[in-house]
Amino acid sequence: MSELREEKMQKPVPGATSIQARERMRGYLYVCLAALAVITLAIAPVSAGTKVMAGSPQLDAHIASTNEFSPGDDVNLQVVIGNTGLNQFMIVESGYITPVDLSNTAKQLTATLDAGDAPLVVKADPQIMGDLPASATATAIFHITVNKYAAAGTYQLPVILNYTYLYQANQEGDETLNYQYKTVNETISIPITIKPEVQVAVSNVEAENLNAGIEGYVFLTVKNVGSDNGQNAVIRIQQNGQSPIVPTDGSFYVGDYPIGSTVNCTFRAQISSDAQQKTYPLDVLVYYKNYEGDYVDSPIETVGVPVNKKVDFSVTPVAANVTSGANAVITYQFQNTGGTTAYNAAARISAIDPFTSNDDTAFLGTMAPGDIRTASFDVSIDPTATVKQYGLDAEVIYRDSLDNQFTSDPLKANVEVVPTKSVMNLLGIPGLVAILLVVLAIAGYVVYVKRFKPR
């Protein structure tokens, strides 16, 4: 019985074999997946992060091109800012998160230029430069004006730099970085040199016979207020733009022109005929040999020069009534209505049809402003001349104080052609009536005598 029972127990139960096989296959699958995962982890690359241990921006500044300027210069100063900062220690290791910013990058950089003790004016606001990475440069442009009378020398211009940089990045967990920034405000000095040069200042301006249309004198007192001792110096005047003052003798030799010296100069200038009575600009400068042995022009000093009204004349008839077919003398008064003296003046008329003249010029002499002179001319009138008023062309020829000859603007000398004089013109109607009455009275008396007087 027992053997029979054991034989039954060993006899497989229907369906058990397939279940065990599936379990066995599932176990094999798990083992394979686990092995595959281990192998994958063993051969797959592991991502690494970078951690910067030390480093910061290192900024410097310099001026692009030349750093030498002259008094009175008005320029755009280009300041180049460079970053030479290094990251001194870096760790590359798995598990680190690489920061977005580098510690040697100057972020949100702003540059400000200050004049310091230099004799100039900075006409620019702070310049926003943005982020400046290491080994990079950026240029800030500042408009400056050097004082006109700046003393020569070397000056330091402060450049104020304001920026932030990544001071520390602490990793918190596998996916978080805590950034810590520092703000820096530093000043870097850049040198500039103001060159010595002659500068002129005009302390006195006078004019003589400087009237529109003629030539006169300009007197200037010129001082060297610069920082260079000029050699072989020549003081010059020149026309300012469209000013009516045009130099005809515009150079005055000085020679040595040390700092602080003053020179009285005399120049000649021609004034345009259309100039008005007012003050006009004139440029003054010095041509000289400078401290380096070069011949240069000093900066221009512009001064005002007074110009008086032009030389002008008026003409007024005194005896200018003539008859047709007659020879007559016509007389006029010429007046100097201008602002200066006319020397050796002479009046001249131009006879036009129906007039002719063999004596068309009359000497007036020297005429100060306001003077009046009388001039007479012999003329002949054509017998067919129409009775009316005519205008003869007249002019005055004169000399200025420098003996230059000029001719006035055209003038009109009016002359009246009147009817030929007759008895009727001489006696008029009342005279004729009186004569007629006398004649009638005489005739009546004669008749009375002949008829009624006793024999």
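The values are calculated or read from the model by the stated rules, or taken from the named source; none is laboratory data. For clarity, every value in this text was computed on a predicted model and none was experimentally measured. Ideal geometry is used to build each Cβ from the backbone, glycine not excepted, and the neighbour counts take in all protein chains shown.
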* To do: Among the residues of region 189-237, write down those that are over 25 Å from D256 (Cβ atoms) and buried (at least 17 other Cβ atoms within 10 Å of the Cβ).
  => I190, I192, A207, N209, L210, N211, A212, G213, I214, E215, G216
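Residue by residue, here is whether (1) at pLDDT 95 or above; (2) assigned by TED's automatic domain parsing to the domain that holds Q108; (3) of a type in the set (V, I, T) holds:
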site: L157; (1), (2), (3): yes, yes, no
site: Y167; (1), (2), (3): no, yes, no
site: N209; (1), (2), (3): no, no, no
site: T221; (1), (2), (3): yes, no, yes
* Single residue of region 121-153 satisfying the filter (over 29 Å from G55 (Cα atoms) and without any contact (Cβ under 8 Å) to a residue 40 or more places away in the chain) that is surrounded by the fewest Cβ atoms within 10 Å (Cβ to Cβ) -> D125
* Yes/no for D353 being among the charged types (D, E, K, R), exposed (fewer than 15 other Cβ atoms within 10 Å of the Cβ) and assigned by TED's automatic domain parsing to the domain that holds D400 -> yes
* Does I349 meet the test of being touching an Asp or Glu at 6+ places or on another chain (Cβ under 6 Å) and either outside any loop (DSSP other than H, G, I, E, B) or at pLDDT 95 or above (or both)? -> yes
* Asked: Being under 25 Å from G72 (Cα atoms) and surrounded by 15 or more Cβ atoms within 10 Å (Cβ to Cβ), is that true of even one residue in region 268-278?
  -> no
* Asked: Residues in region 398-419: is at least one among the aliphatic types (A, V, I, L, M), surrounded by fewer than 16 Cβ atoms within 10 Å (Cβ to Cβ) and modelled with pLDDT of 95 or more?
  -> no
* Test result for T374, surrounded by fewer than 17 Cβ atoms within 10 Å (Cβ to Cβ), among the hydroxyl-bearing types (S, T, Y) and not in a strand (DSSP E or B) -> no
* Which of the residues that make up region 297-318 are assigned to a strand (DSSP E or B), surrounded by fewer than 19 Cβ atoms within 10 Å (Cβ to Cβ) and either among the β-branched types (V, I, T) or at pLDDT below 90 (or both)? -> T302, T316, V318
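Among residues belonging to region 221-241 that are in a strand (DSSP E or B) and among the polar types (S, T, N, Q), point out the one that is nearest to A207 (Cα to Cα).
Only one residue tops the list, namely T221.
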